[in-house]
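The values are calculated or read from the model by the stated rules, or taken from the named source; none is laboratory data. It should be emphasised that the depicted structure is a prediction, and the values quoted were computed from it without experimental measurement. Positions of Cβ are backbone-derived with ideal geometry, glycine not excepted, and every protein chain shown enters the neighbour counts.
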Amino acid sequence: MPISETEKPVILTGDRTTGPLHLGHYAGSLRNRTTLQHTHQQFLLLADTQAFTDNADNPEKVCRNVLEVAIDYLAVGIDPDLTTICVQSALPALAELTMLYMNFVTVARLERNPTIKTEIQLRGFERDVPVGFLCYPVSQAADITAFKATLIPVGEDQAPLIEQTNEIVRRLNRQIGRELLPEAEAMIPKVGRLPGIDGKAKMSKSLGNAIPLSASPDEIRDAVRQMYTDPNHLRATDPGTVEGNVVFTYLDAFCDDLALVEDLKARYREGGLGDMVVKRQLEDVLQTLLSPIRERRARYASDPAYVIDVLKKGASKAMERTEETLGEVRAALGLFAL
Ligand code: TRP
């Protein structure tokens, strides 16, 4: 079926395969994806090629985590009958489109891209930035356009990458004189990023402040016990602050009983409610949330043949779609055809 005849809007998003996913990913994107797969045609990219752009010294890590992230997807309820899960490096059309698009963007523009600029600083690359890393926004533009995706659910930090994609799209469409590639729109979640258990702005495995989706009951309990609260709330009788208090931030993110959370907040603010009481409540919520995910995760992990089969089927579906777009782009640019 030609791409233009598919009815549901097309979503593409993905994750770099640098480590198993955690609760921050669940709050920020995974949970959303399990809903979106019912209303949209959804593709999820296991972005191993992109992960490689700053992990070329550790390809084994990038490779190993392809299956880990796939297992995370399945464990949270991504249904392979509704969502196409595919491995980026298994789709050569993405690499070919990247190569072509590189001619529609300048080095200066890539260096000005706020996402890239920040990441280059963060990694201390300066002028020794790998070419592949500098160009990963171009490769992401290839990902997005190859699927002709129009909705890209990503965190706020990724918004400049979508803008960069659209610039490439406009530049290419102008070159060929028609709207072959659609522009895409970032879908940025309204809820902010989940902080780490230490209260730092970002939950991240490398910062040691993350709760992995595979966390055992003991790990969950310990994480909640260590969680950053209000440093001035020394005695249970003291009035406490809810804002910036990680335990409350997590309750807001994961507890469905809104009335209960409001009641806890009111009592905490007033004084008379100890941290331990609120933490016990949160621990209950997280144990309930993560227990089925952990069980499903273990089941998929013990059946890698099934997971690989999901990835093979995903690759073949994605291959068809991305090759079709590549063919159109090649023809539109008038590349030599044998
Ligand atoms: N850059 C994304 C991340 O760091 C991963 C990614 C790769 C992606 N290709 C994509 C996201 C295409 C959205 C669309 O998590």
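Values for this structure:
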item: Verdict on Leu172 being part of a loop (DSSP other than H, G, I, E, B) and away from the ligand (no atom under 16 Å from the Cβ); result: no
item: Among residues of segment 59-111, those that are polar (S, T, N, Q), closer than 18 Å to His25 by Cα and touching a strand residue (DSSP E or B) at 6+ places or on another chain (Cβ under 8 Å), counted; result: 1
item: Filter result for Leu161 (in contact (Cβ under 8 Å) with a residue 60 or more places away in the chain and surrounded by 15 or more Cβ atoms within 10 Å (Cβ to Cβ)); result: no
item: Filter pass, Gly124 being modelled with pLDDT of 95 or more, surrounded by fewer than 17 Cβ atoms within 10 Å (Cβ to Cβ), out of contact with any Phe, Trp or Tyr (no Cβ under 7 Å at 6 or more places or on another chain) and not aromatic (Phe, Trp, Tyr); result: no
item: Residue in segment 141-149 that is in a helix (DSSP H, G or I), touching a residue at least 40 places away in the same chain (Cβ under 8 Å) and acidic (Asp, Glu) present; result: yes
item: When residues of segment 299-314 are limited to those that are small (Gly, Ala, Ser) and exposed (fewer than 13 other Cβ atoms within 10 Å of the Cβ), the one nearest to Ala75 (Cα to Cα); result: Ser302
item: Single residue of Pro160, Pro153 found to be modelled with pLDDT of 95 or more and within 12 Å of the ligand (Cβ to nearest atom); result: Pro160
item: Filter result for Thr98 (among the polar types (S, T, N, Q) and within 13 Å of the ligand (Cβ to nearest atom)); result: yes
item: Flag for Lys190 being without any contact (Cβ under 8 Å) to a residue 12 or more places away in the chain and either closer than 25 Å to His40 by Cα or surrounded by 22 or more Cβ atoms within 10 Å (Cβ to Cβ) (or both); result: yes
item: Residue in segment 126-139 that is within 17 Å of Gln50 (Cβ to Cβ), assigned to a helix (DSSP H, G or I) and free of Cβ contacts under 8 Å to residues at least 12 places away in the same chain present; result: yes
item: Filtered residues of segment 257-298 (kept if without any contact (Cβ under 8 Å) to a residue 40 or more places away in the chain, hydroxyl-bearing (Ser, Thr, Tyr) and surrounded by fewer than 17 Cβ atoms within 10 Å (Cβ to Cβ)); result: Thr288
item: Qualifying residue in segment 3-23 (condition: more than 16 Å from the ligand (Cβ to nearest atom), among the acidic types (Asp, Glu), farther than 24 Å from Pro160 by Cβ and at pLDDT 95 or above); result: no
item: Among (1) more than 11 Å from the ligand (Cβ to nearest atom); (2) out of contact with any helix residue (DSSP H, G or I) (no Cβ under 7 Å at 6 or more places or on another chain); (3) in a helix (DSSP H, G or I), the one test that Arg178 misses; result: (3)
item: Candidates Gly199, Gly192, Gly244, Gly208, filtered to the one that is closer than 19 Å to Leu290 by Cβ and among the small types (Gly, Ala, Ser); result: Gly208
item: Those residues of segment 188-218 which are among the β-branched types (Val, Ile, Thr) and either within 14 Å of Tyr250 (Cα to Cα) or in a helix (DSSP H, G or I) (or both), in sequence order; result: Val191, Ile197, Ile211
item: Any hit, segment 198-212, residues being loosely packed, with under 15 Cβ neighbours inside 10 Å, away from the ligand (no atom under 16 Å from the Cβ) and touching a residue at least 60 places away in the same chain (Cβ under 8 Å); result: no
item: Failed condition for Val277, given (1) more than 24 Å from Arg31 (Cα to Cα); (2) part of a loop (DSSP other than H, G, I, E, B); result: (2)
item: Residue ID - farthest from the chain's Cα centre (by Cα), chosen from residues in segment 219-270 that are acidic (Asp, Glu) and assigned to a helix (DSSP H, G or I); result: Glu270
item: Count of residues meeting criterion [of a type in the set (A, V, I, L, M, F, W, C) and over 19 Å from Leu134 (Cβ atoms)] in segment 83-98; result: 6
item: Yes/no for Ala146 being of a type in the set (A, V, I, L, M) and within 16 Å of the ligand (Cβ to nearest atom); result: yes
